[in-house]
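Everything on this sheet refers to the single structure shown next.
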Amino acid sequence: MLEIYPFILETITLIRPLSKRIFLADPNLAKQLQRAQSSIALNVAEGSYSRGRNQAARFHTAMGSARETLACLEVAAALGQVAPARQQGVRALAASRSYTSHGDSLGTDTAR
């Protein structure tokens, strides 16, 4: 598994209280946020055991989902549902270049 995977799960855990707060104001946005977060983890997990173009596609999809997660939080902040400063963990995930790199720079576990 990739070294970034535990960070993804940690980020999802950190966002959970925000997601609950967003749900009270906008259940649809909260559900979209949860789907996007799940997509990050699931696509990274799938991509870590894929090869070639399939691997690149999974990692690019995960990166898109990371950006979508950030967009959900930005919209919630713009609507006054959460404070903008609470987004920093997701910004780090969305800014990570690890998804678009290949090979050892992804932090792949060599003991597959």
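The values are calculated or read from the model by the stated rules, or taken from the named source; none is laboratory data. Note that the structure is predicted; figures quoted are calculated from it, not measured. Cβ: placed from backbone, ideal geometry, glycine included. Neighbour counts: every protein chain shown. We work out accessible area using only protein heavy atoms, side chains counted, and drop any ligands, DNA or RNA first. Shrake-Rupley method; radii C 1.70, N 1.55, O 1.52, S 1.80 Å.
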Kindly indicate which of Tyr99, Tyr49 is modelled with pLDDT under 95 and not in a helix (DSSP H, G or I). Tyr49
Please determine, by comparing only the residues of region 47-57 that are open to solvent by 60 Å² or more (accessible area, probe 1.4 Å) and of a type outside the set (S, T, N, Q), which one is nearest to Phe7 (Cα to Cα). Tyr49
Kindly establish whether Arg67 is within 13 Å of the chain's Cα centre (by Cα), at pLDDT 95 or above, open to solvent by 50 Å² or more (accessible area, probe 1.4 Å) and farther than 17 Å from Phe7 by Cβ. no
Quick one: Val44 ticks every box in (1) exposed (fewer than 15 other Cβ atoms within 10 Å of the Cβ); (2) closer than 17 Å to Met1 by Cα; (3) aliphatic (A, V, I, L, M) bar one, so which box is it? (1)
Matching residues, region 22-62, being among the polar types (S, T, N, Q) and in contact with a helix residue (DSSP H, G or I) (Cβ under 9 Å, 6 or more places away or on another chain): Gln32, Gln34, Gln37, Ser38, Ser39, Asn43, Ser48, Ser50, Asn54, Gln55, Thr61
For region 1-39, what are the residues that are open to solvent by less than 30 Å² (accessible area, probe 1.4 Å) and under 19 Å from Val82 (Cβ atoms)? Thr11, Ile15, Leu18, Ser19, Ile22, Leu29, Ala30, Leu33, Ala36, Gln37
Condition check: crowded, with 20+ Cβ neighbours inside 10 Å, assigned to a helix (DSSP H, G or I) and over 14 Å from the mean Cα position of the chain (by Cα). Does Ala76 satisfy that? yes
When Leu2 is evaluated against the numbered criteria (1) of a type outside the set (Phe, Trp, Tyr); (2) at pLDDT 95 or above; (3) closer than 19 Å to Met63 by Cα, which criterion, by number, is the only one it fails? (2)
Is one or more of the residues making up region 14-21 part of a loop (DSSP other than H, G, I, E, B) and modelled with pLDDT of 95 or more? no
In region 2-49, which residues are without any contact (Cβ under 8 Å) to a residue 60 or more places away in the chain and small (Gly, Ala, Ser)? Ser19, Ala25, Ala30, Ala36, Ser38, Ser39, Ala41, Ala45, Gly47
